[in-house]
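Chemist: Encoded as structure tokens, here's the structure I'll be asking about.
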Amino acid sequence: MFREFEVTDHPPTGTRPAVDWRVHLVPQDWDHFSGDEHSVWETLFARQVPYLGSRIVTPFLEGIPMLGLDQPGIPNLDRLNDRLEPLTGWRCVSVPGLVPDDAFFAMLADRRFPIGNFIRSADSLDYLEEPDCFHDIFGHVPMLAHEPIARLMQAMGRLGVDAVATGLGETISRLYWHTVEFGLAREGGELKILGAGLASSFGEAHFAIEADVQRLRFTLKDAAATAYRSDAFQPLYFVSDSLEYAAAELEALDLTQLKALAG
Ligand SMILES: [Fe+2]
């Protein structure tokens, strides 16, 4: 069945500032990954999936086989996109590492998700200086096959571009961090992992679900007012009433409301 998505092959137009995110892309060049690097992916995957099984929101688990992420080795982005794009219009694009916030949000606005074109080494499975392809693909991409998240991520991108341009980058980043990256959510009354930072981290997935750590009900106001840690486990986690609740709240947010949240 043919579906139309709001995706363009040109930089965004209209009121949003034009940010040419394409200057940050590199070819994935999948053949450059060594056998050892594919083995790192497989080790991480084999360790993470059994733990997440009963502890992560259902669309994440459904997305893995739907996108062929259960096949051995680091995914080839062309093949991954062949499965992902017909579902929700999202495509993965390859980048050398972290991209500036304005380019990152501009990619999301165009339903493009940046994938770091490297993987951690076998002797530091639990340490990351910046997101690698295991975090970016395994953590984020299964959820991009789920339409409510696909819409939410694009909405965050559109708002993020405006937010960064108007000095509200920290506020939108906090909302993103406390949901998309390190959020928890209720599903059928149970506490589940929602965020990609948790989904892709063996240690912090355990910590967020099982440790004696503060967990607060997610509200836009509280999440916007709460700083986050990028160098250590979070000191507290926000729990959305449901994945759909968080997605709808964030998708409906506009720049005026974001300004009010920033105070
Ligand atoms: Fe991430």
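The values are calculated or read from the model by the stated rules, or taken from the named source; none is laboratory data. Since we're looking at a predicted model, the values are computed, not measured. Cβ atoms come from the backbone with ideal geometry, glycine included; neighbour counts cover every protein chain shown.
Chemist: With the stretch 88-202 as the region, which helices (runs of 4 or more DSSP H) entirely inside it contain at least 3 residues that are more than 25 Å from Gly53 (Cβ to Cβ), away from the ligand (no atom under 12 Å from the Cβ) and not charged (D, E, K, R)?
Modeler: Values: elements: 101-109, 141-144, 147-165, 169-176, 196-199.
The helices (runs of 4 or more DSSP H) meeting that bar are 101-109, 147-165, 169-176.
Chemist: Also, I was wondering about something else. Quick one: how many residues across the stretch 197-227 are closer than 21 Å to Tyr245 by Cα and either at pLDDT below 95 or of a type in the set (D, E, K, R) (or both)?
Modeler: The number of residues fulfilling the criteria is 4.
Chemist: With more than 18 Å from Val95 (Cα to Cα) and assigned to a helix (DSSP H, G or I) as the only criterion, which of Pro72, Pro65 stands out? Before the answer, list the steps.
Modeler: Working: Pro72 fails: assigned to a helix (DSSP H, G or I).
Of Pro72, Pro65, the one residue that is more than 18 Å from Val95 (Cα to Cα) and assigned to a helix (DSSP H, G or I) is Pro65.
Chemist: In the stretch 203-239, which residue that is part of a loop (DSSP other than H, G, I, E, B) and acidic (Asp, Glu) is nearest to the ligand (Cβ to nearest atom)?
Modeler: Within the stretch 203-239, the first condition is being part of a loop (DSSP other than H, G, I, E, B), and the residues that meet it are 211-213, 218-219, 225-235.
Of the ones still in play, those that are also acidic (Asp, Glu) are 212, 231.
Values: Asp212: 26, Asp231: 15 Å.
Only one residue tops the list, namely Asp231.
Chemist: Against the definition (modelled with pLDDT of 95 or more, charged (D, E, K, R) and within 21 Å of Gly63 (Cα to Cα)), how does Asp132 come out, yes or no? Before you say what the answer is, go through the steps one by one.
Modeler: Details: modelled with pLDDT of 95 or more: yes; charged (D, E, K, R): yes; within 21 Å of Gly63 (Cα to Cα): yes.
Yes: the conditions hold for Asp132.
Chemist: For Arg111, state whether it is at positive phi and under 16 Å from the mean Cα position of the chain (by Cα). Walk me through how you get there before you give the answer.
Modeler: Values: at positive phi: yes; under 16 Å from the mean Cα position of the chain (by Cα): yes.
In short, yes.
Chemist: Could you list, ordered by first residue, the pairs with Cβ atoms under 6 Å in which the first is in the stretch 69-83 and closer than 15 Å to Phe113 by Cβ and surrounded by 17 or more Cβ atoms within 10 Å (Cβ to Cβ) and the second is of a type in the set (Val, Ile, Thr) and at pLDDT 95 or above, at least 6 apart or interchain?
Modeler: Pro75/Ile137
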